[in-house]
Structure formats: structure tokens, C-alpha cells
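J.: Here you go, one structure.
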Amino acid sequence: MARADRTTATERDTVPVQASEWRLRYTVGDLVHYTEWTADFPTVENYYDQYRRSDHAHDVRIERRVVARGAEDEQSETLRTGGTA
């Protein structure tokens, strides 16, 4: 006996689980600096806490990049986790 496919078109066509990468963005003087993209969020979060409390860095933010597996397009978004220190 044949069975009907009960999944809807939106369930079949959705992007698979997405991986996130993180980096830190901060400003020293007039220069904007970035760390490397990494999937290790606790490390970036630790850097954020350290730089946020420093006297030299300001406008410290964590940025997130969503990478869809199997797709060549990357979508980036900035998470506003902090302003000036």
C-alpha cells in the first residue's frame, strides 16, 4: 500500500540546520579591528568581556555569521551586544 507524503512543501524546502560563526569587532582610536571568524562562541564571549572592560577599546560587539550547509551564500548579521565601554 502506498503512503502519502505528509510533509508540507515548506518543511521539504527549508534550509537544513545552519552553523554559526562568531567574531569580535572593536575600535581602538579611529581603527576598527576584527578577530577571525570561529565557531567557538565561548572564546569570543570571553574576548568580549575582556575588551569591554579595557581602557583602550570601545564600540565592542560580537558579530554572527550564519553559514547554511550546502549553500555557497553566507548571511551575516551583527548582534548588538554592547555599545561603548
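The values are calculated or read from the model by the stated rules, or taken from the named source; none is laboratory data. Quick caveat, the model's predicted, so the values are computed rather than measured. Quick reminder, even Gly has a Cβ in these numbers, built from the backbone with ideal geometry, and neighbours come from all protein chains shown.
J.: Under the condition of being assigned to a loop (DSSP other than H, G, I, E, B) and surrounded by fewer than 10 Cβ atoms within 10 Å (Cβ to Cβ), which residue from the stretch 15-48 is modelled with the highest pLDDT?
T.: E36
J.: OK, next. Do you know which of the residues in the stretch 49-72 that are among the hydrophobic types (A, V, I, L, M, F, W, C) and out of contact with any helix residue (DSSP H, G or I) (no Cβ under 8 Å at 6 or more places or on another chain) is modelled with the highest pLDDT?
T.: That would be V66.
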